[in-house]
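Chemist: One structure, pasted below without further comment.
Readers should treat all values here as calculations from the given coordinates under stated rules, not as data from a laboratory. Quick caveat: nothing in here was measured; it's all calculated off a predicted structure. For neighbour counting, all protein chains shown are included, and Cβ atoms are generated from backbone atoms with ideal geometry for every residue, glycine included.
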Amino acid sequence: MTIDSRVVRAFEAALAPEDVISDPVRCRAYECDGLTGYRVAPELVLLPRDAEQVAAAVRVCHEHGVPFVARGAGTGLSGGAVPVADGVVISLARLKRVLEVDPVDRRAVVEPGVTNLEITAAAAPHGLYYAPDPSSQQVCTIGGNVAENSGGAHCLKYGFTTNHVLSCEVVLPDGSLVTLGSDTGEQAGPDLRGLFLGSEGTLGITTKVTVRLLRTPETVRTLLADFPSVAAAGDVVSDIVAAGIVPAAVEMMDTLAIEAAEEAVHAGYTVGVPAALVVELDGPAEECDEQFEQVKQICDRHGCTRLHIAGSPEERAAIWRGRKAAFAAVGRISPDYFVQDGVVPRTRLAEVLDRIAAMGEAAGLRVANVFHAGDGNLHPLVLYNAAAGETERAEKLSGEIAELCVELGGSLSGEHGIGADKACSMPKMFGVDDLEVMRRVRSAWDPRGLCNPGKVLPTPRLCGERPGKYRPHPLEEAGVIERL
Amino acid sequence: MSQGNATAAPLRPTDLRSLRDAVLDTAGTVGIAGAGTAAGWAGRLAPVDAVLDTTGLAGVITHNPADMTVAVRAGTRLRDLQDELAPHGQHVAFDAARVTDGATVGGLIATADAGPAALVHGSLRDLVIGVTFVLADGTVARSGGHVIKNVAGYDLAKLLHGSYGTLGVLAEVVLRLHPRPERTATLVIPCSLEEAAAHTATALGGPHEPTAIEWTSDGVLLVRIEGTAGALDARLERLRAALGAGEVADADPWERHAELVRGEPDLATLRIGVRPSRLPGVLADLPTRTVTAGLGTGVATVTLPPDAVAAAHARVHAAGGVSVLRSRPEGATAPAWGPPPSALPVLRAVKAELDPQGRFGPGRFDPWM
């Protein structure tokens, strides 16, 4: 135990003795998030019951120099909630009240431990819903969504968490309680709310979130289409975009992903086809129907081998069940797998998939692909067998795929975050000065470096010193950006 | 140069390098200027040693029509950018009043401006996917990137949005684009503010998906519908039936709306944001001369006598809202900002980290910092 007993007593005074967990067995339940490869058992786990207790706990951390990591449902896929060895985990699981649903102003005020889907459930009686829909929406919490700026299948049309959060009550790293954002999109000063959203728990802990609610669309049309090649499916996406249509969602799955999903949930996908697209349109009936006809014609034009149109809400749900089950379902065709989250400009999808296939072949590993085709966000699943000693090779391939995305002008992460997992890859995407300015911003919020340390930004301790000669950024080589 | 209170000629860089050099080679305080369409907004710029004119940083760097993204230099006038994008059937889904006056992309971001379409598309904070900017110490930094979906690193574009040139100079901006709607039409409904609020509830409560709803003190509610040519007439008809009123405008009613947003030279202009349902009550309590009110967004722009501004800030704040002064008559004094936000210490700390000598935009956040 490296946390002083005096400090433990301070936590017990700030919360209640029974809400401070020090039993190593119970603490171990908090040792990792959805990225189970990273594990660090915390010294203490704190279970505050309200915002004031969160603030009081953080004040104790601040006073005594104890690092802290906030935790929602622990579904994150980048190790953003991995504890710090000599620190505490502050769980927001008990802050789970829906405080207000306002159908007139179309907003909800919720505590951070409320799940994403619970917000929609609370809004549904009013014909409203909360738009961002990460695949884990049944269990992931809004506090975690705020930290990660979570996306989802429908963010192509509706945007990400940052576009749907009006304001956040936040406990700053010094324990003070402030509100970021306002009741409207209007700002008085720089958009601190926007900076906080997606800061992966490094700038503070949110204790109350006001989200926008949207009216449930009048019409939703969903189709599942099979194609003879990934390239043909990609061309369909390009043509949909070129036609000026903004689909609610466009998802693609390749042979392996289809096979896994079908085996798991029998959603009606065609096993063996090279590529399947899920296209969903929503909106006013007249417009939705008109554009849906166009989408069907585009599919036909590109050699669609089977077109299945959801004829009922149940059929639509089945199509989505297949898509959303794909990650977990991969467990049925492989003992272990890594999920990647890179982004490429959408027009480079076919190219990146070819290269991923070649890299997988060279590494002797299979890669299944499930992705948000509309915005170029890939989720390659690198399949491996840990028992056969393939872990290291798979991890390397997975990292190389993320860095390939950067090389093609994209990003290391579209929605899972950098966390502990990709912090050391950040220099592939950002220059020294870019990262230094981010570090300065972080320091303004958290001068003592106690708030989720070791995440997002690379540190020498974490990643090793990286001397050696300067390597130009890929965008720099392409003449898109210049380094001065 | 509407805010050129420096004695030396303004610096007018034309690319990232000369911008960086201009910041490094200048001593003392710097005022950052764009097209001058919002030079008098927020706190008055204190006397500065140099003015940095960003309008030479103009032009598209890369436009990828198929990816629906565009990278531009920050001094590009959004009007010009829209003209370049139009042949591709694309646009930046943003319609602040001063766009037609030649406002620059960087200036629109720095002032957190937005127009009626914010109801659906938000402000530029929601459309910017990458930025390159220069700090007061000459550091060139980048955040975001060229793809719509990206959560790598801090989103520093947000920090610059609404910073009024106090944290850094924008050099380059990458924007997300939307398809230009095939058709746009506006229903005009003569009514009072209270009636307009009821109509707004109807319009937003149904399946109509309007892109803008604004009441103006001319006594009309404007409801804009955009979409495919084939479906628009039917959608308009359905909306009109639901509202039980309204005619489709033949001229462009939004030009008059923009005129009201721009304000009057002998009055102060205040921008207000409060919870939409509270907006009519707040407006009723203010001695406004003209009003445009986004009843769906909760954002209003009003003109009022300068001596009423302080009380107006207080009234908006009491309703849980925020407000900022956009213009005041020559010589008049009126507070630019209302009561400080709870997060002011964070704002000050960020300013101290990024611009420790207070070089950029002195006075803009007076008296907050």
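Chemist: What is the fewest-to-most order of B:Val173, A:Val367, A:Val40 by other Cβ atoms lying within 10 Å of their Cβ?
Modeler: By the 10 Å Cβ count, ascending: A:Val40, A:Val367, B:Val173.
Chemist: Another one. Using the Karplus equation 6.51 cos²θ - 1.76 cosθ + 1.60 (θ = phi - 60°), what ³J(HN,Hα) coupling, rounded to whole Hz, does each residue of the stretch A:214-225 give in order, writing x for Gly and Pro?
Modeler: Along the stretch A:214-225, the couplings run 10, 6, 4, x, 5, 10, 10, 10, 10, 10, 10, 10 Hz.
Chemist: Please report the relative contact order for the stretch B:58-179, taking Cα pairs under 8 Å with a sequence separation of at least 6, and give it as a percent rounded to a whole number.
Modeler: 31
Chemist: Under the Cβ-under-4.7 Å rule, which cysteines of chain A stay unpaired?
Modeler: A:Cys27, A:Cys32, A:Cys61, A:Cys140, A:Cys155, A:Cys168, A:Cys288, A:Cys405, A:Cys451
Chemist: Something else about it: What's the exposure ranking of B:Thr29, A:Thr207, going from fewest to most Cβ atoms within 10 Å?
Modeler: Fewest-to-most Cβ neighbours within 10 Å comes out as B:Thr29, A:Thr207.
Chemist: If you take the beta carbon distance between A:Arg94 and B:Ala284 as r and set R0 to 45 Å, what does 1/(1 + (r/R0)^6) give as a FRET efficiency, to the nearest 0.05?
Modeler: 0.60
Chemist: Need one word for the stretch B:263-327: rounded, prolate or oblate. Basis is the Cα gyration tensor (sqrt eigenvalues a ≥ b ≥ c); a/c below 1.5 gives rounded, then a/b vs b/c decides.
Modeler: prolate
Chemist: For A:Arg366, which sequence-distant residues (separation of 5 or more, or a different chain) have an amide H within less than 5 Å of its own amide H, given hydrogens modelled in the peptide plane?
Modeler: The answer is A:Leu383.
Chemist: On a 0 to 90° scale, report how tilted helix A:51-64 is relative to the longest principal axis of chain A, with both axes built from alpha carbons and the result rounded to the nearest 10.
Modeler: 60
Chemist: Pairs to check: A:Lys96/A:Lys455; A:Lys455/B:Lys158; A:Lys428/A:Lys455. Give those whose C-alpha atoms are more than 23 Å from each other in this structure.
Modeler: A:Lys96/A:Lys455
Chemist: Also: I need the calculated FRET efficiency for the pair B:Ala249 and B:Ser18, taking r as the beta carbon distance and R₀ as 35 Å, to the nearest 0.05.
Modeler: Calculated transfer efficiency: 0.15.
Chemist: In debye to the nearest 20, how big a dipole does chain A give about its Cα centre with +1 on each Lys and Arg Cβ and -1 on each Asp and Glu Cβ?
Modeler: About 920 debye.
Chemist: I want to check the label-to-label distance for B:Asp218 and A:Glu395. Put each point 7 Å from Cα in the C-beta direction and report it in nm to one decimal.
Modeler: The two pseudo-label positions are separated by 6.6 nm.
Chemist: Let me ask something else. Where the only charges are on Cβ atoms (+1 Lys, Arg; -1 Asp, Glu), what is the dipole of the stretch A:141-211 about its Cα centre, to the nearest 20 debye?
Modeler: Dipole magnitude for the stretch A:141-211 comes out near 180 debye.
Chemist: With the cut-off at 1.5 for a/c, could you classify the protein assembly as shown from its C-alpha gyration tensor as rounded, prolate or oblate?
Modeler: Since a/c stays below 1.5, the shape of the protein assembly as shown is classed as rounded.
Chemist: Mind checking the angle between helix A:230-242 and chain A's longest principal axis? C-alpha axes, 0 to 90 degrees, to the nearest 10.
Modeler: Value to nearest ten degrees: 80.
Chemist: Sort A:Met252, A:Met359, B:Met68 so that the residue with the fewest other Cβ atoms within 10 Å of its own Cβ comes first and the one with the most comes last.
Modeler: A:Met359, B:Met68, A:Met252
Chemist: Next question, about the same structure. What angle, in degrees between 0 and 90 and rounded to the nearest 10, separates the Cα long axis of helix A:349-363 from the longest principal axis of the Cα atoms of chain A?
Modeler: That works out to roughly 70 degrees.
Chemist: Scan around B:Thr14 for amide H atoms under 5 Å from its own, H built in the peptide plane at 1.01 Å from N, and keep only partners 5 or more places away or cross-chain.
Modeler: B:Leu19
Chemist: Between A:Thr216 and A:Arg306, with labels modelled 7 Å along Cα→Cβ, what's the label distance in nm to one decimal, could you check?
Modeler: Placing both labels 7 Å along Cα→Cβ, they lie 3.0 nm apart.
Chemist: Follow-up. Helix-derived [θ] at 222 nm for the protein assembly as shown: sum -39500 (n - 2.57) over DSSP H runs of at least 4, divide by residue count, nearest 500?
Modeler: -9000 deg cm²/dmol
Chemist: Could you work out how far the C-alpha centroid of the stretch B:62-82 sits from that of the stretch A:268-347, in angstrom?
Modeler: For the stretch B:62-82 versus the stretch A:268-347, the Cα centre distance is 31 Å.
Chemist: Taking amide H atoms as placed 1.01 Å from N in the peptide plane, list the residues 5 or more away in sequence, or in a different chain, whose amide H sits under 5 Å from that of A:His379.
Modeler: Close amide H contacts, sequence-distant or interchain: A:Val370, A:Phe371, A:His372.
Chemist: Computed on alpha carbon atoms, what radius of gyration and Dmax characterise chain A, expressed in Å?
Modeler: Both quantities, over Cα of chain A: 22.8, 72 Å.
Chemist: Which shape class, rounded, prolate or oblate, goes with the stretch B:195-344 when its Cα gyration tensor gives a ≥ b ≥ c as root eigenvalues, a/c under 1.5 marks rounded, and past that a/b bigger than b/c marks prolate?
Modeler: Prolate shape, in that a/c is at least 1.5 and a/b is the bigger ratio.
Chemist: Using 7 Å Cα-to-Cβ label points, what is the A:His266/B:Ala332 separation (nm, one decimal)?
Modeler: About 7.4 nm separates the two model spin labels.
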